[in-house]
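Only the coordinates and a few stated rules stand behind these numbers; no lab work does. For clarity, every value in this text was computed on a predicted model and none was experimentally measured. Positions of Cβ are generated from backbone atoms using ideal geometry, with glycine treated the same way; all protein chains shown enter the neighbour counts.
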Amino acid sequence: MLRALKISFDASRRHCRRRAGGTLAGLLGFFLLLLAGPTARAAEGAVSKEYQLKAAFLYNFTKFVEWPAARFAEANSPIVIGVLGQNPFGGELEKITEGRTVNGRAIVVKVITTAEEASTVHLLFVPRGEETRLPAAVWQSVPIVAVGESDSFAALGGTIMFTREADKIRFEINIAAAERSRLKISAQLQKLAIAVRRKP
Amino acid sequence: MPSRFPTPLLAAALCAVSLGSAQTGELLRRPAKNLADMSIEELMNEPVTSVSKKETPLGESPAAITVITPDDIRRLGIASLPEALRLVPGLDVARIGANETAVSVRGFNNEFANKLLVLIDGRSVYSPSSAGVFWNAQDVVFEDLERIEVIRGPGATLWGANAVNGVINIITKSARETQGALVVTALGTEERPTTTARYGGQLAPNLYYRVYAKYFDRPSVKTSAGGDAGDGWHSLRSGFRVDYEPSAENVFTLQGDAYQSDVGKNISLFSLTPPFSQTASVLEHNAGDNVLGRWTHVFSETSRLTLQGYYDFLRQDVGSSIDRAETCDFDLVHQVALGDRHDITWGAGYRDTLAKDTSTFGASWAHESHRLQLFNVFAQDEIALVPDRLQFTVGTKFEHNELSGEEWEPGVRLRWTPTARQTVWAAASHAVRTPSFLERDSRLNLAAGPGFLVSIFGNPEIGTEKLTAYELGYRVAPAKQLSFEASAFYDVYHQLIVNEPNPPGFEISPVPPHALISQTWRNSAQGETYGAELSVHWQATAAWRLAGSYAWLHSNLTSVPFVGSSSPGQQIQIRSNLDLPHHVELNGAVTYVGAIVTPLGQINAPIPAYVRLDLGLIFHPAAAMEVGVWGVNLLDRRHPEFTSPQSTTVAEMPRGITGKITWRF
């Protein structure tokens with residue numbers, strides 16, 4: 001039925017379609033022209049502002065978390081930040097944390113691909129698209145601050161979720177998940193979160 | 001005349017833009033701040049991209065604006081766009097039946113309320129054939145909705161023709177905000193069932209997509225006589241959206257949807273031979289598709305360009321006739337600050353609509369196809385007379401279309417912000433409503449009997465309806481938890497289109513020869529409406545939020561039999577959102593809608609006032625899952641809200657109960 005109707009209307013439709021096709025193609029060309037500049041820059045390895053900011057957030061988060069003492073071999077053992085899978089930060093995280101200490105601990109950045117490696121970190125960043133690379137049990141069973149950036153990550157019981165409010169970065173804290181992992185997140189950080197989830 | 005996109009303009013824009021990008025792109029990069037030294041508060045104030053809309057904080061907008069958030073919609077379990085609009089003070093939403101809704105603001109409600117412009121992600125869904133919105137053809141995935149912005153009062157200076165009494169902007173989230181899988185299923189007396197599936201993923205760095213499909217099947221309701229209104233319907237819709245943010249200066253969006261639906265209706269068919277009139281149950285097949293591309297480019301902190309193009313196809317059964325319309329539209333908007341005091345927004349647009357309408361006995365057309373080409377340019381300047389205190393906005397749109405010629409739609413607005421917690425604004429604006437193809441070109445046979453026919457004739461000479469509106473508004477937030485808003489309007493209408501009786505006549509065609517009782521659409525009515533909308537929001541405790549609103553409307557229109565103006569005089573709504581322990585939310589709304597004293601054509605009986613109570617309980621068994629149950633219209637078994645001029649029976653809206661599961665993974 002619909003097919004027949006579509007055919008009957010085809011003639012007039014083709015008229016506009018052709019025009020629409022032409023102009024859409026024009027629009028696309030317009031887009032591509034403009035893309036040439038920015039993508040050339042992107043290829044040089046520039047990290048988007050979003051991940052520059054997120055790197056700074058991750059560094060800041062380490063100041064507000066208390067891990068169980070057993071997670072560190074010694075009083076001055078470094079805090080290890082792990083980035084799971086594809087690293088969206090480039091060298092940004094290293095650049096930000098270089099030469100800085102938090103509570104007398106240096107910060108080490110590692111790119112992680114296996115569960116075994118993941119269990120050694122204190123803070124694990126799970127980039128968008130990497131949520132299912134490792135079983136969620138990895139960060140649910142060990143005191144690891146798991147930081148993600150997607151709804152699907154929130155569903156996996158992560159500790160901190162980045163969100164966006166217009167063009168500003170916001171974050172939510174799942175305090176129940178933190179408690180289950182025996183992490184203490186300072187009230188100061190909780191106050192800055194746009195939401196503090198207390199559900200399991 | 002063949003349609004041509006203004007190519008020189010495009011070429012010029014292209015040159016200017018690519019030059020701008022190449023030469024100034026690098027210059028715009030500010031020296032990188034040392035992010036490591038910033039506190040979390042400071043980081044939270046840093047924009048991710050400089051492509052952010054130039055947004056005036058809502059509390060300071062010099063217009064009667066209400067924003068519906070996805071949270072408002074989620075809490076009340078709202079499943080359709082018209083139902084969501086009930087949350088806006090002064091919006092007049094009246095269900096005609098299961099699948100038809102009349103939506104208007106500040107008067108003139110009708111199945112095709114013709115003074116309200118509606119856009120979904122920048123695409124107009126106002127039909128130039130019927131002058132109005134086919135609400136049963138519009139839908140979104142509510143979980144992917146960013147917000148619905150409703151502006152009461154004219155928006156013609158920026159949005160152009162038909163933004164007479166209001167503009168509704170329905171805006172969906174960027175694909176990057178809707179990553180992962182979502183499945184929603186609702187089952188209830190009004191849903192049997194509705195299922196939505198959406199998946200969002202990432203194709204490359206900064207390149208995100210989502211795809212969705214949504215199906216619903218909604219049952220018919222009963223008529224006031226107790227019979228079946230025959231208006232059950234089902235619909236399948238799917239679509240995609242791709243967002244690409246390659247750099248801080250550019251955002252690209254490509255999106256599209258396609259749908260088809262089978263919509264049940266009881267219609268009256270007339271003939272000049274016995275039985276003259278009979279009611280038929282029909283299943284209308286409606287379909288549509290659209291694709292839209294948008295590019296936003298930032299030249300600098302104070303200069304930003306948006307270019308958008310879309311194609312839209314619509315096939316809609318309208319009573320006994322079929323409307324097929326396709327539209328190509330291009331828009332350019334540039335926002336630029338000149339000095340410290342001037343914020344200029346200017347732009348241009350071109351739209352080409354080709355409509356084909358089939359003729360039947362009930363509705364016939366002098367021409368089977370109609371073409372409407374619309375060209376517009378506009379400019380608006382926001383002038384800071386006293387920085388942060390007094391702002392004056394002046395602007396106009398100039399439109400040209402082949403049918404009604406040239407239109408100017410100017411407006412001025414003044415905003416005074418005496419303290420950080422108070423805003424006073426005033427506005428005067430002019431808007432027009434262009435005649436529909438129907439009013440211009442059709443013949444509707446409304447009733448027939450032995451030897452006579454009742455008809456309405458289109459009028460090729462018909463002109464635009466004109467409005468001059470005066471508005472006044474006040475907003476105050478006495479405390480962080482409490483805000484109050486009031487707006488008042490006085491609208492003066494000229495050249496309103498009504499059908500005026502002709503002297504009785506005689507026709508030999510169609511056969512058999514018969515007496516003709518006819519009317520013709522003419523710009524012969526005028527009048528004024530005035531009223532006010534009040535609303536208050538109170539965050540009573542951290543877990544309890546209350547909202548209340550009141551709207552009052554008075555119409556004073558010339559005494560010609562006025563068809564199509566039927567809005568309640570008063571509306572009241574109180575909403576409560578309560579977060580309970582154990583991840584439970586209890587939400588509710590009580591709405592009073594006043595009587596409609598003179599319904600359409602004064603043929604049908606007045607619609608009595610009604611009170612509606614909706615309650616919902618939501619539970620989160622897991623972080624990624626939400627289970628809700630809602631009861632709507634709890635106070636009565638069923639009640640009428642509106643009457644359709646096409647139907648002699650009145651459908652009534654029943655009490656309903658719906659359960660819904662939302663699952664993200």
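Just so you know, the averaged projected area of the alpha carbon convex hull for region B:417-507 sits at 10.1 nm².
Using 0.36 nm per residue, how much length does the chain from B:A447 to B:R371 gain when fully extended, once their Cα-Cα distance is taken away? Between B:A447 and B:R371, full extension yields 24.4 nm more.
Relative contact order of chain B, taken over Cα pairs closer than 8 Å and 6 or more residues apart, is 12 percent. Packing here is the average count of other Cβ atoms within 10 Å per residue, and on that basis the peptides B:231-244, B:478-491, highest first, run B:231-244, B:478-491.
Counting only other chain Cβ atoms within 10 Å of each residue's Cβ, the peptide B:289-297 averages 2.
With R₀ set to 22 Å, the beta-carbon distance separating B:V611 from B:E528 gives a calculated FRET efficiency near 0.15.
Cross-link partners for A:K191 among the aspartates and glutamates, with Cα-Cα distance under 16 Å and sequence neighbours closer than 8 places in the same chain left out: A:E172, B:E41, B:E42.
With a/c under 1.5 counting as rounded, go ahead and sort region A:94-183 into rounded, prolate or oblate using the C-alpha gyration tensor (a ≥ b ≥ c being the square roots of the eigenvalues; past the cut-off, prolate if a/b is larger than b/c, else oblate). Kindly include the intermediate steps, with their values, before the conclusion.
Working: a/c = 1.43, a/b = 1.12, b/c = 1.27.
Rounded is the answer for region A:94-183, as its axis ratio a/c remains below 1.5.
Here chain B yields Rg over Rh of 0.96, to two decimals, using C-alpha coordinates and the Kirkwood radius.
Multiplying the residue separation of B:V492 and B:F361 by 0.36 nm and removing their Cα-Cα distance gives an extension gain of 43.4 nm.
The length gained on full extension between B:L578 and B:A213, counted as 0.36 nm times the residue separation minus their Cα-Cα distance, comes to 128.2 nm. Take each residue in B:322-328, count the other chain C-beta atoms within 10 Å of its C-beta, and the mean is 4. With each label modelled as a point 7 angstrom along the Cα→C-beta vector, the A:R100-B:D71 pair spans 3.0 nm. For the residue pairs B:K173/B:K466; B:K115/B:K356; B:K356/B:K660; B:K115/B:K660, alpha carbon separations beyond 30 Å are given by B:K173/B:K466; B:K356/B:K660; B:K115/B:K660. Shielding value for A:48-60 is 6, the average number of Cβ atoms from other chains within 10 Å of each residue's Cβ. Here's the picture: a label point sits 7 Å out from the Cα of B:H554 along the beta-carbon direction, and within region B:522-539 the residues with their amide nitrogen under 13 Å of it are B:528-532.
For chain B, the longest principal axis of the C-alpha atoms and the axis of helix B:7-28 are separated by about 20°. Global size of region B:84-203: 15.8, 47 Å for Rg and Dmax (C-alpha atoms, Rg to one decimal, Dmax whole).
Binning all Cα-Cα separations of the protein assembly as shown at 20 Å, short to long from zero, yields these whole-percent fractions: 14, 45, 33, 8, 1, 0. Each Cα pair under 8 Å and six or more residues apart adds its sequence gap; the mean of these over the residue count of region B:351-423 is a relative contact order of 23 percent.
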